[in-house]
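The values are calculated or read from the model by the stated rules, or taken from the named source; none is laboratory data. Keep in mind it's a predicted model, so treat the numbers as computed, not measured. Because the Cβ atoms are built from the backbone with ideal geometry, glycine has one as well, and the counts that use them run over all protein chains shown.
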Amino acid sequence: MDSKNTIIETRNLSFAIGKTQILKDVSLSVPRGSVYGFLGPNGAGKTTLIRIMLNLFSAGSESVFLFGKDVTRNRVEVLSRVGRFVEQPSLYDHLTGAQNLRVTQTYYGVSPSRVGEVLSLVGMTEYANRKVKAYSLGMRQRVAIAQALIHDPELLILDEPTNGLDPSGIREIRELMVSLNRDHGKTIFVSSHNLSEIEKMCTHVGVIHHGQILYQGSMERIPSANENTLEIKVKDPVNVIKLLKEQGLEATHNHNSTITLTVSGEKQIAAINRYLVEKGTDVFSLTTHQNNLEDIFIALTNDNQ
Amino acid sequence: MINQLYRSVKAETLKYRGTYAMALAVLAPLFISLLMAVIYFIKAEKLVKTGTNGLAGMLDGGVNASAAMLFTFYLVMLTILIHQVEFRAHALKDVFSYPVSYFSTYISKWIVSFLLIGLSVALYFIFSLLLTWVVGLRHPSLVWFDMDVFIHFMKQVCIVMIASFLLLGIQFLVALRWSNPIVPLGLGVVGFISAIILVQGWKHVDTHPYALGLLSYMRTMGRTSFTLGHMMTYSTIGLVVMMTGGYFMWTKRRIV
C-alpha cells in the first residue's frame, strides 16, 4: 500500500451486526490531500464504515488502514491524527461552548490557546461563554467541527456535517472545508446526503449502496459525468427514433412529442441536427442537459437495486 | 500511559462542573447533618439526659439513617448521574475516539466517582463538625464537641462506605451498561428492599451486597454478630471483580 498517497484504505471489509450484513467487501482508497465525498442513501452503510474507521466498531485487524497503519493495532496513534464528527454534535448541555472545547482540548493534550483559535475559525467566539443548551443546531454543529479541529489533525472524518444547517450555514461549512483543504492541506472525508454540496467541494467521490461500493474515483472520471442528455422536439418522434437507430443511436420517446438520447458533446449534437434536417424532419427544438452528480448517483443506485 | 490517564481524569473532572452529580455530592451530606442538627437544635432537652453529651446520639442518628437507606440511594443516584452526563450528550462515541487508551477512559470514570464520594464523606465530616458547634452554642450543657466521639463517628462512616463498595461496583456497571436510568434505579430499589427484609433473619445475609452497609453499621453498635473484617474484605474484593469485569465490558462496547 502506498501510504504516502493513500490516507484511508479499507481492504475487502465486511461487517455484520447479528445476521444483518452491513458492509460487503468494501475496498476504499482515499487519496492524501483530497476532499472525498462519501455518498449513499440512508442505511447504505456510510455511518457504519465511519465508525469502523474510528474503531468504534471492531471489524478485525488488517481491514482498515489510516496513514498506512492498521486502526485496530495502532488505535491511539491513529486517532491522535484524526479529527471527527459523527452523526450529531456530542456536547455537554450544562457547559458552555468554550468549556466543551476545554474538555476536548484536555483529552488531546494540546495547548488551551487552541480553544480560542478554533472558536474563531468556526465563527463562534461571540457565543463561547453561552451554555450549549441555549445553542441552535447550527451553533452546535460549529462547535462540534471546532472539536474536530482542535488538535490540528491531518485528516478530518465528517459524517453529515451540514445536517440541520440553514443554506448560509451550509455554505459557510463548505467554504471552511474547502479552505482547510486548500490552505491547510487537510484531507477531508465527508459523508453527505446533499449531492450538490459534494459536487461543489469534493475532488473525489465514493458511492455506497446496500453496503457495497458502486463507484469511487475522482470527480472528473465519474462514468457519464461528461455526457449530456439531448432532448429533441420533433413532429414525428417515432420516425425520428427509427432514423437515429439507423445511425446507431438509442433514443427514447417521452410522453410529449420529444425524444431523449445521450450524447457526448456539441459536435455530435450538431451532426444529429444536420442529419435529421437532411432527412426532411422538422426539428422544433434541441435542449441539452449535463448529467450532474444526482443523475449519476440515482443511475448507479437504481442499477443495483 | 500515565499522561493519558492524567488527561482523562482532568477531562472527566471538567465535565462534572455544575452537574446534578456534583450537586448530589455536596447536598447529600449537608442534608443528613443538617437534619440531625435541626432536630437536636429544637428538641435537645427531650432527647438528651441532663449531664450527658448528646453529640454521640446526634451523629449516630445520621449514620444510622445513612447506613439503613440513604447511603444506598446516594450511591444508586450518584452512579446514574455520573453516567447520564455522557449518555445525555451522546458523547460516548467521542470518548471512545479520543487518542487515549480504553483503560484511561474507564479508570478515570472510577477515579471521578471515588473523588465525588470522597468529597461527600469529607463534607459530611465538615458539616457535622460545624453543626455540632452551632447546636453546642444553643445547648452548651447538652451537646459539646468530644474528639473520641467524633473519631468513632468518622470510623463508622468509613466502615459503612467500605462495606458498600460492592454495591457501588454493581450499580456503577449497571448504570454504565444501560443508558435508561430506570434499570439501575430499579435494581437499587429491589436490592434495598430485599436487603431490609433479609437482614431480619437470613443467616447468609452478609453475602448480600445491598445489606453490607447496614450490617457493618449494626456490627459497630454491637447489634449483630457478623464479622466486620469479613464483610469489608468481601465488599472490597467484590468491587475489584466488578471493576475488572466492567473494564472488559468497556473495551468490547459497540458505540452506536
- Which condition breaks for A:L91 when tested against (1) surrounded by fewer than 22 Cβ atoms within 10 Å (Cβ to Cβ); (2) within 28 Å of A:Y135 (Cα to Cα)? (1)
- Hits in region A:54-101 - residues which are in contact with a Pro (Cβ under 7 Å, 6 or more places away or on another chain), of a type in the set (G, A, S) and closer than 22 Å to B:W250 by Cα: A:S80
- Can you name the residue in region A:80-112 that is in a loop (DSSP other than H, G, I, E, B) and more than 9 Å from chain B (Cβ to nearest Cβ) and is also nearest to B:I2 (Cα to Cα) among such residues? A:V110
- Message: Take the residues in region A:150-188 that are under 16 Å from the mean Cα position of the chain (by Cα) and either of a type in the set (S, T, Y) or not assigned by TED's automatic domain parsing to the domain that holds A:G37 (or both); name whichever of them is farthest from A:L101 (Cα to Cα).
- Response: A:T187
- Message: Return the residues of region B:220-235 that are more than 16 Å from B:F165 (Cβ to Cβ) and part of a helix (DSSP H, G or I); say none if nothing qualifies.
- Response: B:T220
- Among the residues of region A:63-79, which ones are within 7 Å of chain B (Cβ to nearest Cβ) and over 27 Å from the mean Cα position of the chain (by Cα)? none
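Go through region B:85-104 residue by residue and tally those that are more than 23 Å from B:N3 (Cα to Cα) and either within 9 Å of chain A (Cβ to nearest Cβ) or modelled with pLDDT of 95 or more (or both).
4
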- Taking the options B:I117, B:I82, B:I107, B:I111, name whichever one is within 23 Å of the chain's Cα centre (by Cα), in contact (Cβ under 8 Å) with a residue 40 or more places away in the chain and within 14 Å of chain A (Cβ to nearest Cβ). B:I82
- Selection from region B:1-55 of residues among the polar types (S, T, N, Q) and part of a helix (DSSP H, G or I) yields B:N3, B:Q4, B:S8, B:T13, B:S33
- Message: Restricting to region B:11-58, give me the number of residues that are surrounded by 15 or more Cβ atoms within 10 Å (Cβ to Cβ), more than 14 Å from every other protein chain (Cβ to nearest Cβ) and among the hydroxyl-bearing types (S, T, Y).
- Response: 2
